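Worksheet for the structure shown next.
The values are calculated or read from the model by the stated rules, or taken from the named source; none is laboratory data. Everything numeric in this text was worked out from a predicted model, so none of it was measured. All Cβ positions, glycine included, derive from the backbone under ideal geometry; neighbour counts span all protein chains shown.
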Amino acid sequence: MMQSEKLILGRQDSGQSKAIGFSQQVKSKRIKKTPELIYHDMNAHLCTISRTGGGKGVSSVIPNLLDYPGSMVVLDLKGDLSAVTARGRSPFGKVIHISPFDNNGSDAFNPLFNKSGIRC
């Protein structure tokens, strides 16, 4: 993948264009094995929301984790995104995995550590 300062928004739907406003869906004659990525060319926040099994990970989250060279904070409740992308993100910098439910392989974060007058 190409490392860029752009965010990946997803992939183009191969086979048909989405209806916008009053237009109708149109079948496309172009057939590609891998649909092209859609980029946003400015640094911005990205929030990906969809139903279970809606393709959030494979179409948007995982490509961004593997492509974007900057710092990222990812809410990964199941830990699957970290498992899949940690090795690919490591050339960009340290990968920190914080999981309150994983006692074995989780990094730790204590915002009160080393604060004067507070015992932890």
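Here are the numbers for the structure shown:
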quantity: Yes/no for Pro111 being assigned to a helix (DSSP H, G or I) and not aliphatic (A, V, I, L, M); calculated: no
quantity: Identity of the residue in the stretch 58-81, part of a helix (DSSP H, G or I) and charged (D, E, K, R), that ends up nearest to Leu46 (Cα to Cα); calculated: Asp67
quantity: Options Ile96, Ile49; residue that is surrounded by 10 or more Cβ atoms within 10 Å (Cβ to Cβ), on the phi < 0 side of the Ramachandran plot, at pLDDT 85 or above and assigned to a loop (DSSP other than H, G, I, E, B); calculated: Ile96
quantity: Within the stretch 34-91, tally of residues that are among the hydroxyl-bearing types (Ser, Thr, Tyr), without any contact (Cβ under 8 Å) to a residue 40 or more places away in the chain and more than 30 Å from Asn104 (Cβ to Cβ); calculated: 3
quantity: From the options Pro69, Pro63, residue that is under 14 Å from the mean Cα position of the chain (by Cα), at pLDDT 85 or above and within 13 Å of Arg11 (Cβ to Cβ); calculated: Pro63
quantity: Every residue from the stretch 63-93 that is aliphatic (A, V, I, L, M) and surrounded by 10 or more Cβ atoms within 10 Å (Cβ to Cβ); calculated: Leu65, Leu66, Met72, Val74, Leu81, Ala83, Val84, Ala86
quantity: Test: Val84 is β-branched (Val, Ile, Thr), touching an Asp or Glu at 6+ places or on another chain (Cβ under 9 Å), outside any loop (DSSP other than H, G, I, E, B) and modelled with pLDDT of 85 or more; calculated: no
quantity: Some residue of the stretch 10-18 being hydroxyl-bearing (Ser, Thr, Tyr), touching a strand residue (DSSP E or B) at 6+ places or on another chain (Cβ under 7 Å), outside any loop (DSSP other than H, G, I, E, B) and modelled with pLDDT of 80 or more; calculated: no
